[in-house]
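Encoded as structure tokens, the structure appears first; notes follow it.
Any read-out appearing in this document is the output of simple, stated calculations on the displayed coordinates, not a laboratory observation. None of the values given here were measured: they were computed from a predicted structure. For neighbour counting, all protein chains shown are included, and Cβ atoms are generated from backbone atoms with ideal geometry for every residue, glycine included.
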Amino acid sequence: MKHRVSEYDPASVLLPEEDPGLLQQMLERPVTPSPARVDGIAIGELAGQTADGDTLVRVLLLGAEPLVARVATVVDVKRVGQAVAVAFEGGDPKKPIILGVMQSSGIPPQPVTQPWRAMEASVDGQRRVVIQADQEIELRCGEAAILMTADGRIHLRGQNITSEADMSQRILGASVSVN
């Protein structure tokens, strides 16, 4: 019987006393020791949290015992039983790293609760850099802002705006208003 973690129903699991053939199969199944090395990605399930706040993961490939895992993404440890992708640091089966939560079709991914971090970009040796958006682009620094919209408007906002030119400076428009 195969169950997805999200559909697990304990009442649907056959117990050995309910099916004597199942008990015989379990007794005849060879015991597989945990591998010395695990390469690639395994599927595990969130098993909870320790008193110290560490995340626990259970990887069936390694047995039923939960292991303390490092976490590479945001996971909700209250969702015990949720399937997760697990890798192993240096291939060591005792050092699991949760890479992410497995998404089944039809279920939208959980939103990331961490705010975006500040980014810094440097472009060297390029003749042209293009930043493009469908609706608008806004550049801000303190009280100053430049807003460009899809309808062709450019709005400059600031305490003082200075425009300088080493050569000629032209102001063109169907109408030009000063003050």
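For the stretch 143-179, the set of trypsin sites (Lys or Arg not before Pro) satisfying both a DSSP loop assignment and a count of at most 16 other C-beta atoms within 10 Å is given as Arg153, Arg170. Shown in residue order for the stretch 99-104 are the 3J(HN,Hα) couplings computed by the Karplus curve 6.51 cos²θ - 1.76 cosθ + 1.60 at θ = phi - 60°: 8, x, 8, 6, 10, 9 Hz (x for Gly and Pro). With a cut-off of 15 Å, note down the residues of the stretch 59-93 whose backbone N falls inside the zone around a label point 7 Å from the Cα of Asp52 toward its beta carbon. Under cut-off, by backbone N: 67-71.
Could you give the length gained by full extension between Arg70 and Cys141, i.e. 0.36 nm per residue of separation minus their alpha carbon distance, to one decimal place?
Numbers: separation 71, 0.36 × 71 = 25.56 nm, distance 3.70 nm.
Additional length available on full extension: 21.9 nm.
For the pair Gln159 and Val130 in one chain, pulling the backbone fully straight at 0.36 nm per residue adds 7.7 nm over the alpha carbon distance.
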